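Okay, so here's the structure we're looking at.
Nothing in this text is a laboratory measurement; each read-out follows from the coordinates by a stated rule. Fair warning: this is a prediction, and the values are worked out from it, not measured in the lab. Here Cβ is always computed from backbone atoms with ideal geometry, including for glycine, and neighbour counts include all displayed protein chains.
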Amino acid sequence: MFFNCERAMNSFLQSPNPAAIALTLKNTVAMRILIIEDEPRMLELLRVGLYEHGYTVMTAADGETGLEVATTYEFNAIVLDIGLPRLNGYELMKALRGRVSWTPVLMLTARDAEDDIIRGLDLGADDYLTKPFSFPELVARLQSITRPSREDAGRTLRSADVVLDPDRHVVIRNSKRIDLSRQEFLLLTCLMRCPGQWVSRQTLMEFVWGPNLPVSHGALDVLVNSLRAKIDAPFHKEVIGTVRGSGYLFKRAACAAERSAQ
């Protein structure tokens, strides 16, 4: 059964006809953003603000509706709250990626605990913002996760037992494919370009988020931990090393050395 359009649409894109909605989204020249947020005031703030910034906006006020909208139409990005009724943001994220949908997702959450953020990134979210946040930063982060990737087209990277194919967005370690979010993929790309050499924190942040987006060092640490959980922990051999006080490196040969010893 199709979702209730009246509940799911915002006032800038109303129609009782799903075919008309699809046609509008297909023909718009603006970026198409889906907002999934249950708090009415926040939803209205996001809806009006993004519309005024030139985006085409659709909204959903619960997780089940949001998942149905997200998998029915094509969007450039999804703004996803974590504390949703009927299907929370984590459950929605897992279901969305389980359906092989790689629409960029920006998580909004009042939770700033590292474990909560890593959980969202592990499930496939591309970035996160903790409430309260500034609207210019929200827009900047949406631009960051929707702009073309910065990896070198056609240049497959190989080091240790890891292969990274930027054209197909594929990472393989020890013959096993590893699913990474867009930002995890960019972080690994930047590190694998210079195997055995440390890369500064600033260089990594600018490569992943862009040079003009304000990003904390803590955000980079969270992303590194998320990448390590996928590319190091399952294989019991570390390739992502830490250069204390300076940055990170991709090791030429995998080893089980303690990070603190780097």
For this session: Using only the alpha carbon atoms of region 104-193, find the Kirkwood hydrodynamic radius as the inverse mean reciprocal pair distance, in angstroms to one decimal.
Result: 14.4
For this session: Select from region 143-246 those trypsin sites (Lys or Arg not before Pro) which occupy a DSSP coil region and have at most 13 other Cβ atoms within 10 Å, ordered by residue number.
Result: ARG150, ARG155, ARG168, ARG244
For this session: Convert each backbone phi in region 115-128 into a coupling constant with the Karplus relation 6.51 cos²θ - 1.76 cosθ + 1.60 (shift: θ = phi - 60°), then list the ³J(HN,Hα) values in order as whole Hz, x for Gly and Pro.
Result: 4, 5, 5, 4, 4, x, 5, 4, 7, x, 5, 8, 6, 8
Seminar exercise, completed: Which residues qualify? For ASP127, with a placed amide H closer than 5 Å and at least 5 residues away or on another chain, they are VAL105, MET107
